[in-house]
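In what follows, a single structure is set out as structure tokens and then discussed.
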Amino acid sequence: MACTSCSTSDGGAPKGCKNNGTCGTDSCNKLTVFDWLSNMSLPNGEAPFDCVEVRFKNGRKEFYRNTEKLTLSIGDIVATVASPGHDIGIVTLTGELVKIQMKKKGVNHLSNDVPKIYRKASQKDIDIWSVARDKEEPMKVRARELAIAQKLEMKISDIEFQGDGSKATFYYTANDRIDFRALIKDFAKEFSTRIEMKQVGFRQEAARLGGIGSCGRELCCSTWLTDFRSVNTSAARYQQLSLNPQKLAGQCGKLKCCLNYELDTYMDALKDFPDFETRLVTEKGDAICQKQDIFKGLMWFAYTNNFANWHVLKIDQVKEIVAENKLKNKVSSLEDFAIEIVVEVEKNFNNAMGQESLTRFDQPKAKKKPNKKRKVVGENTIVANNKKPANNTKPNNNKPANNNRPAPASAEKKPAEPRKPIIITKNVDKK
């Protein structure tokens, strides 16, 4: 369908993208070419380019000639030539940029083989197109069941109906050549329509279906990448990546296309390096390369009888040893050429406010001891609690104890009288 998320008519039929295909939705953002010449006018007397680019389901694009001189803009739904009948697509590019795209894809714009556009799609065309598109998903499930029933080693990845609903194209992937003549008969009997089978590669299948890569962005093949170059494991070896198929493979099951992006940079940097298979001959034994660092120009070597200890050498030192070996001379040892790598002290971040600790609020705060409070009795008086601890009387060991003598009457203990609170008065000046 067209960009229904940003522009629809009153009746619900799509009108097209009002943002010239840059609204960011899936239907607009898939392999879209930004029309940077849209705001420029043509010189006087020059007619606009008569070819347009039309997109169909899942990024399939074709070029058509506007023989009827229709006023077309990006997002318009048009009816185009098909075999048989007609197809419905969305205009994705107009103007002079179409000529550049046709040249890029090897299409001659002067040839008579370029198909033409019939008309702008009517509401009836759009309704038939919508009904046909709604049949694709349940038809795909049933088609897979029929393929499994015949025990064919193939995977039906997608189905695309023609705009008039007269033909259905089945896209499938397979490792070997498949004899699907009996399968087509079952499809025609089951779906009662014209069937066309197209085999696509695994990378093309991922491009049609789309998805999110391990980098967190949309797949390159479904957004901007149009040519699929071969990728082999040597690209991973040159970049010193671990040969782990789970990390190097994309959603298509093949090696990721992005392995080729930085390969040229690594190849240019490795021109100054000796061959990785270089063997250094010393009096202590032969040494082979274990690791390279193209950014610092260093190589790590280890003796064949002791792979645990690695020695770091610069490129110039390795070339010097290789030159001596070519003269059939042995150097004493790698230790004479090895350099020591000073490990930099890790810098700790210190905040100027002293709040660099992230766990400073995790520990519970210590409870404060309760303070002795003073009670305010009146406006000018404050009562202080002046209690003193009771004195512990100890017996006098110097005097002999006489337990038989009765205690005098004056010595009888009297109940202790409560202490009177000390009243502190303050002069408060009232204004």
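The numbers here are math on the coordinates, done by the rules we state, and not lab data. Predicted model only: the values in this text are computed from it and were never measured. Here the Cβ positions follow ideal geometry from the backbone for every residue, glycine too, while neighbour counts run over all protein chains shown.
For the range 74-127, the square roots a ≥ b ≥ c of the C-alpha gyration tensor eigenvalues yield an a/c of 1.5 or more together with a/b not exceeding b/c, which makes the shape oblate.
Judged by the mean number of other Cβ atoms found within 10 Å, the most tightly packed of the peptides 86-97, 317-328, 69-80 leads the ranking 86-97, 69-80, 317-328.
Taken about its Cα centre, the range 74-115 carries a charge dipole of roughly 240 debye when the Cβ of each Lys and Arg holds +1 and the Cβ of each Asp and Glu holds -1. Among rounded, prolate and oblate, which fits the range 61-100 when a ≥ b ≥ c are the square roots of the eigenvalues of its C-alpha gyration tensor, a/c under 1.5 means rounded, and a/b larger than b/c means prolate? Judged from the Cα gyration tensor, the range 61-100 comes out prolate (a/c at least 1.5, a/b above b/c). Given R₀ = 30 Å, what would the calculated FRET efficiency be for D293 paired with K198, taking r from the Cβ atoms and rounding to 0.05? Taking R0 as 30 Å, the efficiency between D293 and K198 is 0.05. For the range 208-295, the set of chymotrypsin sites (Phe, Trp or Tyr not before Pro) satisfying both a DSSP loop assignment and a count of at most 12 other C-beta atoms within 10 Å is given as Y261, F295.
In this structure, the amide hydrogen of G210, modeled 1.01 Å from its nitrogen in the peptide plane, lies closer than 5 angstrom to no residue at least 5 positions away or on a different chain.
Computed on the range 25-178, the Cα convex hull volume stands at 151 Å³ per residue.
Charge dipole (Cα centre; +1 on Lys/Arg Cβ, -1 on Asp/Glu Cβ; no other charges) of the range 116-272 amounts to roughly 320 debye. Pairs exceeding a 21 Å alpha-carbon distance, out of K291/K326; K296/K326; K61/K104: K291/K326; K296/K326. Compared with the direct C-alpha span, the chain from Y266 to Q240 gains 8.4 nm at full extension, assuming 0.36 nm per residue. If you plug the beta carbon distance of S333 and S214 into 1/(1 + (r/R0)^6) with R0 = 35 Å, you get a FRET efficiency near 0.20.
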